[in-house]
Amino acid sequence: MSLDLAVRLDRGSFSLEVAVAAEPGEVLAVLGPNGAGKSTLLGVLSGLLRPDAGHVRVGGRTVTDVEAGVFVPPHRRGVGLLAQQALLFPHMTAAANVAFGPRAHGVPRREAEDRARALLADVLPDVPGLADRRPAQLSGGQQQRVALARAIAPDPELLLLDEPLAALDIDAAPAMRALLRRMIREGKQTAVLVTHSALDALVLADRVVVLGRGRVVEQGPTREVLGRPRSAFTARIAGLDLIPGTWRAGMLHAGDRMVAGMAESVDEGGSAVAVFPPSAVAVHVEEPTGSPRNVLPVRLASIEPRGDVVRLRAAPRPGGPDWLDGLAADVTPAAVADLAVEPGADLWFAVKATEVQVHPA
Amino acid sequence: MKRLLIAGVALVALAACSSPSQSASTEQPAESRTLTVFAAASLTESFNALEQTFEQQNPGVDVVLSYGGSSDLAQQIVNGAPADVFAAASDSTMKTVTDAQLTAAAPTIFATNVLQIATAPGNPKGVAAFADLAKPDLKTVVCAPQVPCGAATAKIEQSTGVDIPAVSEEPDVKSVLAKVSTGNADAGLVYVTDVNASKGQVQGVSFPESSAAKTNYPIAVVKNAPQAELAQKWVALVEGQDGANILGAQGFGRP
Amino acid sequence: MLPVLGLFQRAAWARMPELLLSDAALSALRLSLETAAISTGLCILLGGPLAVVLARSAMPGLRTVRSIVLLPLVLPPVVGGLALLFLLGRTGLVGRQLDLWFGLTIPFTTAAVVLAQTFVAMPFLVVSLEGALRTAGRRYESVAATLGASPALAFRRITIPLVLPGLMSGAVLAFARCMGEFGATIAFAGSLQGTTRTLPLLVYQEREVDVDGAVALSLLLVVVAVIVIIVGRPRQLEGLS
């Protein structure tokens, strides 16, 4: 085990109680909505926060053990960090930034310098003279690449990636994502990646841990978890709609409603979830009649533009079931104009059964 | 502190009186007039007392007294300050004004002042004579030679051959007094009137050599004074018996 | 700017060399530069750690401490001088003990000038440095820690270089304030050529007898101030203009 963590931490009304582990060279993605405890988890790993109970072991070394009174300070943990902001030291050149970690670990100046230049050439091969530039002379994407080189320069046992792509503009993000994949995943660097993006998780992570309100909601291999989400959180992150229920007689029973879908090795009478993409949802002002098998009465909660589509978010009508909360339908702006509705209006979401996947949960 | 309070009260009273008297002045212009007197700070107690006498003798006249360092006041008059009378604490500062030909007539000397040694109450160091100030273990402060009290000090040092190893040459006599009254200096050379005005905070030690450096207090009506006639009356009051009594009580000598 | 123009217009340029090269003027200039330099050093030595505590510590009562530190900024300097006198003067709270046990008296010494200047100039340094520390934040230090830097190393290699411009401009402001200090000095230290009579004290005294001399010395102070600002280029001042 390269990472083994089981901790509890209480801060007022919030509590974090999680256990996660990662094999050497494994990349673990931590997903979850805001306030789920992702940052707290990173704080516990890096040593900025002390848990109230439990232990953290990194690379076979115990860095936190509350019961045994062990707490290794951040700078002796061998835990690196690449955050949203590059946070390059503004008074140092790119090379000096990258050499800082090795120097702090006692590597001789020349050796640290050589390593820094080699790493910089690796992360930014086509920018000559980069090593001697100050951070202010670099673009945001270049800064983040230098920050990556800096983070891996001291050979950390564990690298924390805190939404490393969130602050980059959309042009720079794909290249940085590819670089991270090469340097981290293919470089067999054990890492914990905190992200909001299913894409980042799919590209970069071997396994996924989904946090909700300080607890692990689900975890497993990335493709499995995101492809067949079993919680509304995961589905939301994966960009999918999800209805929980029980599988009986070829239908998913959710309260007094039934959802038709394509089932995949689901046990009769077992709990299951129905999953479908928001783009498969048709929206009606009047209750539709016709082929769609699944017609859900909802109240419109919000209208969110998303690129070239508009996402309509549903809430249950008064007295309606909770699981309708957050269901999404992606429609074209023209369709929204035709509907002429505002949040608070009553609508019908219709989904063809062939678009609905039912997974055991 | 008490004096400050009185000054404050007087200011408030002045402010309260001035607006109605102004409206009255349009009906009886002769009745409400303001006489502005610039006077050396050491004259504060004496001139405050004389102000009351003057205002009793001249109903409807308001005397406004502006106290300050003599040289500051002289500079202000040279630069056009609207003074009627100037009473200085040295001949040289009055000379600034006469050189600018800003006095109505030649100044006259109305009082003299002499130096005294100020010590802590009870004179703990036993300072008895001017020569004692030369003792190296005695912390003595004096005025800087540029100001009148310092000039007088230098003159006595010269005539007596006593060299005072002063620890500080202060820019004015009140600073000397403060260093002694706070106990930071053992002795200071100030005017006898300053010792009297300190109300027991310092003890005075007279010495005969002081008469060698008498400081003259000249007074003059300022040229083109707005209230020339009242200004003459003020000078007369200061030089008359009332003035002599009040100045004498403060320790001033007669010329 | 206009008042300074007034000084230039009033200056007796022909007498300038004689006025500025007098013993009194040269010794006052030397004393001013020396004491201001020492005081600025003291401000950094004492105010530096104080600024770090103010910017970084979360202990209770910090607001009160800050208010006390900033007090000299809003206090008339002469009041500061009196306060020093009643604390460190021969009959003062601490001064009496110093006199009793060590035979030390502070008033009328160059040390008193330095103390007075340090007292009035310290807030400039503390405010400047605290602002720089807050702006820099702790993010860079946290990053340095994840790279293996101990808190001491991070402070030396990261924090100090980051706040150096703020420290410099604070030191420049403090030095300028020390050069101009009058009220606290005259109240606490007195005035004696070569020992406690700094340039501003000499100006105040010269104007009694020789306005030309006072103006010449004032211009000298203006020149020193301009040099200090050009050399130090305090960021705050540039931000204002």
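The values are calculated or read from the model by the stated rules, or taken from the named source; none is laboratory data. Since we're looking at a predicted model, the values are computed, not measured. Cβ: placed from backbone, ideal geometry, glycine included. Neighbour counts: every protein chain shown. The protein model used for the area step is the full one, side chains on, heavy atoms only, and it has no ligands, DNA or RNA in it. Shrake-Rupley method; radii C 1.70, N 1.55, O 1.52, S 1.80 Å.
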For segment A:72-80, indicate whether the set of residues that are in contact with a Ser or Thr (Cβ under 7 Å, 6 or more places away or on another chain), open to solvent by 10 Å² or more (accessible area, probe 1.4 Å) and assigned to a helix (DSSP H, G or I) is non-empty.
yes
Is it true that C:THR196 is assigned to a helix (DSSP H, G or I), within 14 Å of chain B (Cβ to nearest Cβ), of a type in the set (Ser, Thr, Tyr) and crowded, with 18+ Cβ neighbours inside 10 Å?
no
Checking B:ASN113 against (1) within 23 Å of B:ALA49 (Cα to Cα); (2) open to solvent by 10 Å² or more (accessible area, probe 1.4 Å); (3) among the polar types (S, T, N, Q), only one condition comes out false. Which one?
(2)
For segment B:163-191, name all the residues that are away from chain C (no Cβ under 14 Å) and open to solvent by 20 Å² or more (accessible area, probe 1.4 Å).
B:ASP163
Is it the case that some residue within segment A:301-309 is surrounded by 12 or more Cβ atoms within 10 Å (Cβ to Cβ), out of contact with any Phe, Trp or Tyr (no Cβ under 8 Å at 6 or more places or on another chain) and more than 22 Å from A:PRO33 (Cβ to Cβ)?
no
If we keep just the residues of segment C:71-97 that are assigned to a loop (DSSP other than H, G, I, E, B) and within 14 Å of chain B (Cβ to nearest Cβ), which is farthest from B:SER181 (Cα to Cα)?
C:VAL94
Boolean, A:ALA6 is assigned to a strand (DSSP E or B), over 21 Å from A:GLN189 (Cα atoms), open to solvent by less than 60 Å² (accessible area, probe 1.4 Å) and not hydroxyl-bearing (Ser, Thr, Tyr)
yes
Condition (residue is of a type in the set (Gly, Ala, Ser), open to solvent by 40 Å² or more (accessible area, probe 1.4 Å) and in a helix (DSSP H, G or I)) applied to segment C:144-156: is it met by at least one residue?
yes
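I need the full set of residues from segment A:51-71 which are in a loop (DSSP other than H, G, I, E, B) and either out of contact with any Gly (no Cβ under 9 Å at 6 or more places or on another chain) or surrounded by 23 or more Cβ atoms within 10 Å (Cβ to Cβ) (or both), in order please. Working first, answer last.
Of the residues in segment A:51-71, the ones in a loop (DSSP other than H, G, I, E, B) are A:51-52, A:59-60, A:66-69.
Matches in segment A:51-71: A:PRO51, A:ASP52, A:GLY60, A:ALA68, A:GLY69.
Show me the helices (runs of 4 or more DSSP H) found entirely inside segment A:195-243 where at least 1 residues are open to solvent by 60 Å² or more (accessible area, probe 1.4 Å) and without any contact (Cβ under 8 Å) to a residue 24 or more places away in the chain. Talk me through it step by step, then tell me what you get.
Numbers: elements: A:198-204, A:222-227, A:232-238.
Ranges flagged: A:198-204, A:222-227.
Given segment B:30-118, what strands (runs of 3 or more DSSP E) lie entirely inside it while holding 3 or more residues that are within 19 Å of B:GLU239 (Cα to Cα) and touching a Lys or Arg at 6+ places or on another chain (Cβ under 8 Å)? Break it down stepwise before answering.
On the way: elements: B:33-40, B:61-68, B:85-87, B:108-113.
It comes to B:108-113.
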Per the filter on segment C:29-64, residues under 14 Å from the mean Cα position of the chain (by Cα), open to solvent by 40 Å² or more (accessible area, probe 1.4 Å) and of a type in the set (Val, Ile, Thr) are C:ILE38, C:ILE44
From the set of residues in segment A:36-84 that are of a type in the set (S, T, N, Q) and within 14 Å of chain C (Cβ to nearest Cβ), which is farthest from A:VAL209 (Cα to Cα)?
A:GLN84
